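Novice: The structure's right below; bear with me while I get my questions together.
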Amino acid sequence: MEYLPCNGCRGLCCGPVPVTAQELKIIRKALGAMPEEQRSKLQHQLRFPGTCIFYDDDNDKCGIHSFRPGVCQAFGYYSNLICFRNPAAAAEEGWDTSEEPAGILSVDFTWKDF
């Protein structure tokens, strides 16, 4: 896979984030295992409106990168999820999930749901 230039984007592509029921289960479990201090620090950050609740603005990266939703994993590599800073990386055909989204992070699911 080609490198995406995420540093310095400040979460511009991190929302809205559709999430499936299965992804919600994984996120809940992983957040439950996250050290309380780390979780609290991530939870209480200020973010731009519409930015994913898990975007780590302090460190300019995804705060749940190792268990992020499928759309986030696919972003930048598919023709319907192009990174504006590296459009050439989107070499795959359109991305689609086999599961219907259960909702949108930051809209339907906020920190109170985790």
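The values are calculated or read from the model by the stated rules, or taken from the named source; none is laboratory data. Keep in mind that what you see is a predicted model, and the values were worked out from it rather than measured. Cβ coordinates were reconstructed from backbone atoms using ideal geometry, including for glycine residues, and neighbour counts include every protein chain displayed.
Novice: Applying the selection to the stretch 56-114, what residues are aromatic (Phe, Trp, Tyr) and closer than 22 Å to residue 46 by Cα? Full working, then the answer.
Specialist: Restricting attention to the stretch 56-114, the residues satisfying the condition of being aromatic (Phe, Trp, Tyr) are 67, 75, 77-78, 84, 95, 109, 111, 114.
Across the stretch 56-114, the qualifying residues are 67, 109, 111, 114.
Novice: Restricted to the stretch 58-85, and to residues that are of a type in the set (Val, Ile, Thr) and assigned to a loop (DSSP other than H, G, I, E, B), which residue is nearest to residue 25 (Cα to Cα)? Before the answer, list the steps.
Specialist: Taking the stretch 58-85 as the starting set, the residues that turn out to be of a type in the set (Val, Ile, Thr) are 64, 71, 82.
Narrowing further to those that are assigned to a loop (DSSP other than H, G, I, E, B): 64, 82.
Numbers: 64: 13, 82: 27 Å.
Here the answer is 64.
Novice: Let me ask something additional. Here are some conditions: (1) of a type outside the set (A, V, I, L, M, F, W, C); (2) in a helix (DSSP H, G or I); (3) surrounded by fewer than 15 Cβ atoms within 10 Å (Cβ to Cβ). Residue 100 meets all but one. Which one does it not meet?
Specialist: (2)
Novice: Also: I want to confirm something. Restricting to the stretch 38-55 and keeping residues that are of a type in the set (Ser, Thr, Tyr) and within 16 Å of the chain's Cα centre (by Cα), which single residue is modelled with the highest pLDDT? Give the derivation first.
Specialist: Residues of the stretch 38-55 of a type in the set (Ser, Thr, Tyr): 40, 51, 55.
Still in the running and within 16 Å of the chain's Cα centre (by Cα): 51, 55.
Working: 51: 90, 55: 95.
The selected residue is 55.
Novice: Additional query: Kindly provide the set of residues from the stretch 9-23 that are part of a loop (DSSP other than H, G, I, E, B) and in contact with an Asp or Glu (Cβ under 7 Å, 6 or more places away or on another chain), ordered by number. Show your work before the answer.
Specialist: Residues of the stretch 9-23 part of a loop (DSSP other than H, G, I, E, B): 9-16, 20.
The answer is 10, 11, 20.
Novice: Can I ask one more? Among the residues that make up the stretch 24-37, is at least one of them modelled with pLDDT of 95 or more, surrounded by 11 or more Cβ atoms within 10 Å (Cβ to Cβ), not hydrophobic (A, V, I, L, M, F, W, C) and not in a helix (DSSP H, G or I)?
Specialist: No, the conditions are met nowhere in the stretch 24-37.
Novice: Which of the residues spanning the stretch 58-105 are in contact (Cβ under 8 Å) with a residue 40 or more places away in the chain and either closer than 13 Å to residue 11 by Cα or of a type in the set (Phe, Trp, Tyr) (or both)?
Specialist: Going through the stretch 58-105, the residues in contact (Cβ under 8 Å) with a residue 40 or more places away in the chain turn out to be 60-62, 67, 69-72, 75-77, 83-86, 88-89, 91, 97, 99-105.
Across the stretch 58-105, the qualifying residues are 60, 61, 62, 67, 72, 75, 77, 83, 84, 85.
Novice: Separate question: Mind listing just one residue for me: the one in the stretch 38-57 that is of a type in the set (A, V, I, L, M, F, W, C) and part of a loop (DSSP other than H, G, I, E, B) and, of those, surrounded by the fewest Cβ atoms within 10 Å (Cβ to Cβ)?
Specialist: Restricting to residues being of a type in the set (A, V, I, L, M, F, W, C) and part of a loop (DSSP other than H, G, I, E, B), the top hit is 46.
Novice: For the stretch 67-91, name all the residues that are of a type in the set (D, E, K, R) and buried (at least 17 other Cβ atoms within 10 Å of the Cβ).
Specialist: 68
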